[in-house]
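The values are calculated or read from the model by the stated rules, or taken from the named source; none is laboratory data. In this text, all values refer to a predicted model and were calculated from it rather than measured experimentally. Virtual Cβ from ideal backbone geometry, glycine too; neighbours counted across all protein chains shown. Accessible surface is based on the protein model in full, side chains and every heavy atom, while ligands, DNA and RNA are left aside. Shrake-Rupley method; radii C 1.70, N 1.55, O 1.52, S 1.80 Å.
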Amino acid sequence: MQFDLSAVETATLVFMGTLVFALVITLFMMTASFAALVLLGIGRLAWILAANVVLGLVHGINHGWARLVHHASTVDLPGDFAGELGDMAAEMMGQPAPSTGTYPRVVLRDS
């Protein structure tokens, strides 16, 4: 069956061309929006993974530090460290720290 386009009115051809063009634009926008959603999902997944890794590292460091401090508090060192520390404290007490009333200067320096 032979179809002759010359028999179709110009307005009909313009209308059909407009529908085809609208379909092409619709398909392009649907593809672009789907790609954007996929990229946003991948970005969010990467962000969540990175945040969980950093959070895990922080918790691991805190746990390790707590274990180290707990272990250090249970260690009994030989020697007279208390006496040495007492002597050092007595030497330091001879020089009073400059103060501004009730708070030392070190605390007030940042304010």
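Annotations
- When segment 19-60 is filtered for residues that are within 30 Å of residue 5 (Cα to Cα) and either touching a helix residue (DSSP H, G or I) at 6+ places or on another chain (Cβ under 7 Å) or open to solvent by 80 Å² or more (accessible area, probe 1.4 Å) (or both), the ones remaining, listed by number, are 19, 20, 21, 23, 24, 27, 28.
- Filter result (open to solvent by less than 100 Å² (accessible area, probe 1.4 Å) and modelled with pLDDT under 60) within segment 61-88: 82, 83, 86, 87
- Every pair of residues 6+ apart whose Cβ atoms lie under 9 Å, when the first sits in segment 1-30 and is free of Cβ contacts under 8 Å to residues at least 40 places away in the same chain while the second is open to solvent by less than 90 Å² (accessible area, probe 1.4 Å): 5/13; 16/8
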